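To start, the structure under review is shown below, and the notes come after it.
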Protein chains: 2
Amino acid sequence: MTSLGDKGEGHWETTALLGDEDEGSVQTQTKVLNQGSWTQVSCPCCVSEQVEPLVLIQLSDNIQPVTKRWLISLIGVSERDGGAALLAHPGEDECGDVIVVSAPRCTLLKATEDLGLCKKYRNGDMVAFSYNDRENFSNVDDMQEFLTLAERQYIVKYELDFLRAQKEQKIPGVPESQGVLKARENICQKLEKAGVIKDIFPLHDKQRLTDLGRKWYSGKQIWGQPLDSIQAYFGGTIGFYFSFLDFYTWALVPPAILGLVLTFLLPGGGSGGGVVKEQAGEGVMEGMVEVDDSPSVSGHMVQAMFSMLWSTLVMEFWKRRSSSISHRWGLLHLTERFAEPRPGFHGTLGINPVTGRLEPLFPEWQRQLRVGLVSVPLVGLFLGLVVLGMTGFYHGEALAQGFHQDSGSLFSGALLYLPSVAHIVYTNMLGNVYRTVAMQLTEWENHREESSFQNHHTTKVLLFTFFNYFAVLFHIAFYKQDLPLLRKRLASLLIVTQLVNQCTEVVVPFIVDRFFSAPQKKQQEDDPDVDKLRAQRSLPPFPGLFAEYIELLVQFGYLSLFSCVYPLTAVLLLLNNVTEIRADAYKICKLFRKPFSAPVSNMGVWQTAFEVLGFVSVMSNCWLLLLSPRVREFCLEGGISGRNIILFAILVEHVLILVKMILAFMIPDEPDWVRIKREQIEFHSMQALGQQKL
Amino acid sequence: MTSLGDKGEGHWETTALLGDEDEGSVQTQTKVLNQGSWTQVSCPCCVSEQVEPLVLIQLSDNIQPVTKRWLISLIGVSERDGGAALLAHPGEDECGDVIVVSAPRCTLLKATEDLGLCKKYRNGDMVAFSYNDRENFSNVDDMQEFLTLAERQYIVKYELDFLRAQKEQKIPGVPESQGVLKARENICQKLEKAGVIKDIFPLHDKQRLTDLGRKWYSGKQIWGQPLDSIQAYFGGTIGFYFSFLDFYTWALVPPAILGLVLTFLLPGGGSGGGVVKEQAGEGVMEGMVEVDDSPSVSGHMVQAMFSMLWSTLVMEFWKRRSSSISHRWGLLHLTERFAEPRPGFHGTLGINPVTGRLEPLFPEWQRQLRVGLVSVPLVGLFLGLVVLGMTGFYHGEALAQGFHQDSGSLFSGALLYLPSVAHIVYTNMLGNVYRTVAMQLTEWENHREESSFQNHHTTKVLLFTFFNYFAVLFHIAFYKQDLPLLRKRLASLLIVTQLVNQCTEVVVPFIVDRFFSAPQKKQQEDDPDVDKLRAQRSLPPFPGLFAEYIELLVQFGYLSLFSCVYPLTAVLLLLNNVTEIRADAYKICKLFRKPFSAPVSNMGVWQTAFEVLGFVSVMSNCWLLLLSPRVREFCLEGGISGRNIILFAILVEHVLILVKMILAFMIPDEPDWVRIKREQIEFHSMQALGQQKL
């Protein structure tokens, strides 16, 4: 996409490089990058009038020009000569601390095949792209149409990530102590370790971002999201997150309606926000208790049964939706297994038995052993420490209270706060230690594929976070067996977390954007030619989707685990999510650097997490029903003994789990048309394998 | 494999055609089939000096010669002209009621590709066979080496099964009312319906059978089985059955040792066969009971925990073994999905969207609906009827006993037997009705693939049979909660069923073979030229593996569900299985017609059944531990209340299920080397797909 040498004098306008998105910003297309400064390509088909800046490499402030030149030439050199076959641009001038990177057509197309992306074939089907057959794919001449922006940017990162030193060599301009590359060493990793590269991130495209924002969060519509545009701009993982958020918000409508009906229409069904006066006994079978205001037995039962089956149906239908989205976005046949291993992977150099390529090898059984014998016990240990902390807290609180009642002094009064403070400090420290341990454990497990790495890492953090969130509620429900307290706690958690979320996610960003960004904006308007790159460099990096997903998971947990004690949960969550969608959209568009987003074919481990939660919810709901004073009263009136109630509850639990499993099994995980498309491809590749050997 | 016309005069000797396997039978190779009577092939590569008779079509006694000639020509005609491209031989003479069928080389090779069988490539790998690339496969010139006997015979059946009328036509020699074929109608099905074809079955190969028998059951070795030879001779399904039987018998060794140790070495661990005197209360928490002779608490616990984890480990390791067997036998890449639908499949004629072939189509969602909305409820109804029958039986027995005690007359004494008799009659009738219903339901579900049909049918029958076997034990364990009775019942069931099995499977066959077959044998010796085909036609058809598998499943059920009440179960089962292997082998070799056996890549639904049983066993064992008087005594001594024991048992159950699931998840389902081979093939076919479009 670089121009030929003889056309290399002119300037061109880039449409990228984020500023802000005021109405007057149509003229913010700036003359920033000198066209002639892009590295040259030899391949004639890759020559282009306009080069689109895709990725920015942020170098250290004190970078030596010789290092920068070396890096630029490395990026531009063909893969055969150990380069990345990309296009590099030195930014404003030769001494600046950035390199802007783009990719020529051939590199993009070859990487598209390597990644296993599906693209529209001339017959309209989505077919795994093949470089040899490129002429038969639609839009193959226009990279802007053929690949999404996110894909083009990911490909640049992909190529940069696999830059390896061809032989042992010194990095020019870097002290000898840090700057010696071993043969086959990963260059980008080494440069980051040596402090030469500070960050690599994709550049926003101002025009597209404005368009996307208008369709997404500035408009008047409450429900729809432009999911295809989101995926095209931000990429697979983020596209899947917002698709799920969308789907899940819709799915909240039935339980919300049910909750409203049970609370306001059915007699005896009200407890929403009212004063809960009932007193539950200490144990399960302590006999009759005074009951005032809890939901009616039938309402209780209906709510519990509904939420148990609802969670399975939601996840099964999401799987179907997920696979059709995946097909639509061409992500159904990713070939990560057959691609190069992720940069952090290490092992003894050898021939990959599957692909026949030279690469580091690490036996699968050894990884399994590491996971099974080290990671699992260590994670278990940390979960144990969480429980220990909670036990200690309750114990300490009881001690402090006893001491205060005995002495009643000012000192003992202050001492009352000690357990809470100690517990908060303990939890925070534990959390920090755990995060480090989880990352290092996952690195040490040495996963070959990035997705496998992510899944294992996410699972570890997820388990811990989830445990932290729910330990108290489980403690109240299962150990204290105090239903009114659980109800109070749940209501306050839901309301407080939502208020806090709305604050941090909507109000604060809005204020920051309106008031604090204003001076900066002025300055930019004064100086329209200033490098807009600076604006993007000043943004904080995107923190990832973990926090967003865990928020949904915790919501889902509140709803399915404990909803029968507080029927309005779904209504509150529904309200929350409608604003959540806009807030998340605003956040990702305006407040952070654009993140890289790998092409993925599903939500990965999060899907499993939601499904597991669905099964745990059966146990929790059955238990809550068992605890419910009304249910017990009802049973005792019917002459059923306490022992038989328990046994009956166990039976119900087992039957419900069976029903959920049968439901999950009966509902196919992909719609018929996706299955047919998938089988078509399998059939064709089987045929191709047979004919190839002729 | 038929000779050219000019060589067609001579006679040749067939090595097939079972007689018996005395030492003197080496000379039983008989001149039966006139070589020149085989239909001719046009393809020069398929011409062979010797044609091996593979399959026998048994026609009705009053077959018209014109019908027989028509059928023979149909079998011999090429597929393009609507035939089966096989070789047919009229048997002894033109009027006889048999047709012997064989297959020429090209038909065999093409069908090998269609079925997706893997064969040894010249580089030593197992590769899905491709007709175009046939020269690069080992032994491709010698069909006897290249394909196993079972495969060759299955291919003949496969070709016969897909004979379809090309246009509407009359079958010659059959009355008009039955003998009109519609266009695309399945010819073999029609002929069977019209009574023209009575049976189609593969022929035994005397020499190979003798060799196999010598290695398998006549030898002195107790453990090993010649699994490869079994698979080669009898085919995939039977090969998998005996492999599993082998594996499972080995797997019984650890629990058998544990059982022996617990029973004879540990103090308080004995109850094996002794008089069980303890009296358990009616309910769970009725307090202390007198305990005499049950196994010790720790022994009890150890046995239960062991059997719960053992069942998971066995099935996980079997899966690994199964996949490596499957690879070894070239069955890992079967392409049933892409082949023609099974003969019984019907639907509207259309283009298969996957393969692009014209065939009947039936939408998947409609099948799912039929299964979900009709089959599942109906099966549930029948299971309910079983329970109803059992309840009625217990009720009736109580009534009769009451009546007898009141009146004490002879009539009332006779009446005591009425409930049992009624129950037996009811169960038998129900079983017969259910078998018909299950078959018709499965037909009506209209499965496209034979394996899917088999799996659904087996599941239905399996559920019912299993329910019938275990309903009484579950009733005793869960409803009556009478542990001593359960122990007595289990011991007697184990001993009685084993005695009965040994009788029916070993002794009776032996007697039949030794004494009743003797006269026939003599006659054969008198007349060595007699058509040995008659001997095979007189054998009963093989009843299938259902009874064999269900026997293993019930064993596995006794062992994992209730073993902790009777620790010697595993020892008895181990003894049983060692003889079972020989008995089954003898049976299948000598007492039945050889069955067709489809190439399959695993045990199908039986594997799932064993796994499900493993999970049910956790519930059952936890419950039995809860019932155990010793455990309750132990807990009460430790000051744990009855309520908390139940809750603790539930907790233990859930944790154990979790542990089993984690174990199942952690142990990979296939060994590393099989995974690599599989991924290699996926990689190659992906590459082939990319290159094919050049």
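Yes or no: B:Leu561 surrounded by fewer than 21 Cβ atoms within 10 Å (Cβ to Cβ), part of a helix (DSSP H, G or I) and not polar (S, T, N, Q)?
Here the answer is no, as B:Leu561 does not meet what is asked.
Scan region B:185-214 and report the pairs whose first residue is under 15 Å from B:Phe234 (Cβ atoms) and whose second residue is modelled with pLDDT of 85 or more and among the β-branched types (Val, Ile, Thr), with Cβ atoms within less than 8 Å and a gap of 6+ or a chain change.
Qualifying pairs under 8 Å: B:Phe201/B:Val55; B:Pro202/B:Val55; B:Pro202/B:Val156; B:Leu203/B:Val55; B:Leu203/B:Val100; B:Leu212/B:Ile230.
Given (1) in contact with a Cys (Cβ under 9 Å, 6 or more places away or on another chain); (2) surrounded by fewer than 19 Cβ atoms within 10 Å (Cβ to Cβ), where does A:Gln607 come up short, assuming only one miss?
Of (1) in contact with a Cys (Cβ under 9 Å, 6 or more places away or on another chain); (2) surrounded by fewer than 19 Cβ atoms within 10 Å (Cβ to Cβ), only one is false for A:Gln607: (1).
Could you list, ordered by first residue, the pairs with Cβ atoms under 8 Å in which the first is in region B:255-266 and touching a residue at least 24 places away in the same chain (Cβ under 8 Å) and the second is of a type in the set (Phe, Trp, Tyr) and in a helix (DSSP H, G or I), at least 6 apart or interchain?
Between residues of region B:255-266 that are touching a residue at least 24 places away in the same chain (Cβ under 8 Å) and residues that are of a type in the set (Phe, Trp, Tyr) and in a helix (DSSP H, G or I), the close pairs are B:Pro255/B:Phe306; B:Pro255/B:Trp310; B:Leu258/B:Phe306.
Sort through B:Ala664, B:Ala609, B:Ala649 and tell me the only one that's of a type in the set (Gly, Ala, Ser), within 11 Å of chain A (Cβ to nearest Cβ) and part of a helix (DSSP H, G or I).
B:Ala649
So which pairs qualify, if the first residue must be in region A:360-373 and at the interface with another protein chain (Cβ under 10 Å from one of its Cβ atoms) and at pLDDT below 90, the second must be assigned to a helix (DSSP H, G or I) and exposed (fewer than 13 other Cβ atoms within 10 Å of the Cβ), the Cβ gap must be under 9 Å, and the two must be at least 6 apart or on different chains?
none
Any chance you could count how many residues in region B:676-694 are facing another protein chain (nearest Cβ under 7 Å) and out of contact with any Ser or Thr (no Cβ under 8 Å at 6 or more places or on another chain)?
6
Look through region B:186-215, keep the residues that are outside any helix (DSSP H, G or I) and within 24 Å of the chain's Cα centre (by Cα), and return whichever of them is surrounded by the most Cβ atoms within 10 Å (Cβ to Cβ).
B:Pro202
What number of residues in region A:476-497 are assigned to a helix (DSSP H, G or I), buried (at least 18 other Cβ atoms within 10 Å of the Cβ) and not basic (Lys, Arg)?
Result for region A:476-497: 8.
Could you count how many residues in region B:323-343 are assigned to a loop (DSSP other than H, G, I, E, B) and more than 20 Å from the chain's Cα centre (by Cα)?
Going through region B:323-343 one residue at a time, the tally reaches 6.
What number goes with the only condition from (1) under 21 Å from A:Leu559 (Cα atoms); (2) more than 9 Å from chain B (Cβ to nearest Cβ); (3) without any contact (Cβ under 8 Å) to a residue 60 or more places away in the chain that A:Ser628 does not pass?
Going through the list (1) under 21 Å from A:Leu559 (Cα atoms); (2) more than 9 Å from chain B (Cβ to nearest Cβ); (3) without any contact (Cβ under 8 Å) to a residue 60 or more places away in the chain, A:Ser628 breaks only (3).
B:Gly614 passes all but one of (1) away from chain A (no Cβ under 14 Å); (2) surrounded by fewer than 18 Cβ atoms within 10 Å (Cβ to Cβ); which number fails?
With (1) away from chain A (no Cβ under 14 Å); (2) surrounded by fewer than 18 Cβ atoms within 10 Å (Cβ to Cβ) applied to B:Gly614, the lone miss is (2).
So how many residues does region B:669-694 have that are in contact with a Lys or Arg (Cβ under 7 Å, 6 or more places away or on another chain) and not in a helix (DSSP H, G or I)?
Of region B:669-694, the ones in contact with a Lys or Arg (Cβ under 7 Å, 6 or more places away or on another chain) are B:669-671, B:679.
Now drop any that are not not in a helix (DSSP H, G or I), which leaves B:669-671.
Looking only at that region, the number is 3.
Conditions first: (1) within 14 Å of chain A (Cβ to nearest Cβ); (2) assigned to a helix (DSSP H, G or I). B:Ile640 passes all but one, so which condition is the exception?
(2)
Could you figure out which of (1) exposed (fewer than 14 other Cβ atoms within 10 Å of the Cβ); (2) farther than 25 Å from B:Pro377 by Cβ isn't true of A:Leu658?
In the conditions (1) exposed (fewer than 14 other Cβ atoms within 10 Å of the Cβ); (2) farther than 25 Å from B:Pro377 by Cβ, A:Leu658 misses (2) alone.
List the residue pairs whose Cβ atoms are under 6 Å apart, where the first residue sits in region A:478-495 and is at negative phi, the second is buried (at least 19 other Cβ atoms within 10 Å of the Cβ) and at pLDDT 80 or above, and the two are 6 or more positions apart or on different chains.
Taking only residues 6 or more apart or on different chains, the pairs are A:Asp482/A:Ile476; A:Leu485/A:Ile476; A:Leu486/A:Ile476; A:Leu486/A:Ala477; A:Leu494/A:Leu572.
Got a sec? Which of B:Gly380, B:Gly384, B:Gly356 is away from every other protein chain (no Cβ under 12 Å) and without any contact (Cβ under 8 Å) to a residue 24 or more places away in the chain?
Details: B:Gly380 fails: away from every other protein chain (no Cβ under 12 Å); B:Gly356 fails: away from every other protein chain (no Cβ under 12 Å).
B:Gly384 is the lone residue from the list that is away from every other protein chain (no Cβ under 12 Å) and without any contact (Cβ under 8 Å) to a residue 24 or more places away in the chain.
Is it the case, given these coordinates, that A:Arg435 is under 30 Å from B:Ile662 (Cβ atoms), surrounded by 12 or more Cβ atoms within 10 Å (Cβ to Cβ) and either out of contact with any Lys or Arg (no Cβ under 9 Å at 6 or more places or on another chain) or within 12 Å of chain B (Cβ to nearest Cβ) (or both)?
So A:Arg435 passes the test.
Is at least one residue of region A:407-415 modelled with pLDDT of 85 or more and either under 32 Å from the mean Cα position of the chain (by Cα) or not charged (D, E, K, R) (or both)?
no
Determine whether B:Ala194 is of a type in the set (Gly, Ala, Ser), under 19 Å from B:Thr348 (Cα atoms) and out of contact with any Phe, Trp or Tyr (no Cβ under 7 Å at 6 or more places or on another chain). Steps first, answer last, please.
On the way: of a type in the set (Gly, Ala, Ser): yes; under 19 Å from B:Thr348 (Cα atoms): no; out of contact with any Phe, Trp or Tyr (no Cβ under 7 Å at 6 or more places or on another chain): yes.
Against the criterion (of a type in the set (Gly, Ala, Ser), under 19 Å from B:Thr348 (Cα atoms) and out of contact with any Phe, Trp or Tyr (no Cβ under 7 Å at 6 or more places or on another chain)), B:Ala194 does not qualify.
Quick one: how many residues across region A:87-120 are modelled with pLDDT of 85 or more and charged (D, E, K, R)?
Residues meeting the conditions: 6.
Which count do you get for residues in region B:39-51 that are buried (at least 19 other Cβ atoms within 10 Å of the Cβ) and under 36 Å from the mean Cα position of the chain (by Cα)? Before the answer, list the steps.
So the first thing to find is which residues in region B:39-51 are buried (at least 19 other Cβ atoms within 10 Å of the Cβ), and the list is B:39, B:41, B:46, B:51.
Those still in the list that are under 36 Å from the mean Cα position of the chain (by Cα) too: B:39, B:46, B:51.
Qualifying residue count, region B:39-51: 3.
The values are calculated or read from the model by the stated rules, or taken from the named source; none is laboratory data. Predicted model, so just to flag it, every value in this text is computed and none were measured. We place every Cβ from the backbone using ideal geometry, glycine too, and count neighbours over all the protein chains shown.
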